[in-house]
Amino acid sequence: MKIKTGDKVKVISGHYKGTVAEVKAVSPKTNRVIVEGVNMMKKSLKPSQMNPEGGVVEMEAPINASNVMHYDEKAKVAGKVGYKLEDGKKVRYNKKSGNVIKEAK
């Protein structure tokens, strides 16, 4: 999977199409990503020791990784992610803009 946690992505299909946000979590086995503020759902929680009041919590649900593209903030363009060698190291880059993607931590 070429999308990593911390990447800025643009949603390219679905109800949230056009939204630019950060990836919170990645699940390569199911090919899904959780994007901040995208695909919001409500979940009912029972009261527990950690959450004594319980109630309804709004949270992000995962979406398919094919519905997002890496977003280059410098060039303001979304594009596919490719790999190339630079100074003997394998780096990711945005194919549309040609800019190298810095690893988010």
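The values are calculated or read from the model by the stated rules, or taken from the named source; none is laboratory data. In this text the structure is predicted, and so the values were computed from the model without any measurement. Glycine also receives a Cβ, built like all others from the backbone with ideal geometry; neighbour counts cover every protein chain displayed. Protein only, heavy atoms only, side chains kept; ligands, DNA and RNA dropped before computing areas. Shrake-Rupley method; radii C 1.70, N 1.55, O 1.52, S 1.80 Å.
Can you pull out every residue in segment 40-71 that is part of a loop (DSSP other than H, G, I, E, B), open to solvent by 50 Å² or more (accessible area, probe 1.4 Å) and touching a residue at least 24 places away in the same chain (Cβ under 8 Å)? Selection gives Pro62 alone.
Ala21 - would you say it is in contact with a Pro (Cβ under 9 Å, 6 or more places away or on another chain), without any contact (Cβ under 8 Å) to a residue 60 or more places away in the chain, of a type in the set (A, V, I, L, M, F, W, C) and assigned to a strand (DSSP E or B)? No. Are any residues in segment 72-105 of a type outside the set (Asp, Glu), in a loop (DSSP other than H, G, I, E, B) and open to solvent by 100 Å² or more (accessible area, probe 1.4 Å), and if so, which ones? Selection gives Lys74, Lys76, Lys80, Lys95, Lys96, Lys102, Lys105.
Identify all residues within segment 12-35 that are within 20 Å of Lys74 (Cβ to Cβ) and either among the hydroxyl-bearing types (Ser, Thr, Tyr) or surrounded by 12 or more Cβ atoms within 10 Å (Cβ to Cβ) (or both); write none if there are none. If the condition is that a residue be within 20 Å of Lys74 (Cβ to Cβ) and either among the hydroxyl-bearing types (Ser, Thr, Tyr) or surrounded by 12 or more Cβ atoms within 10 Å (Cβ to Cβ) (or both), then Ile12, Thr19, Val20, Ala21, Glu22, Val23 are the ones that fit.
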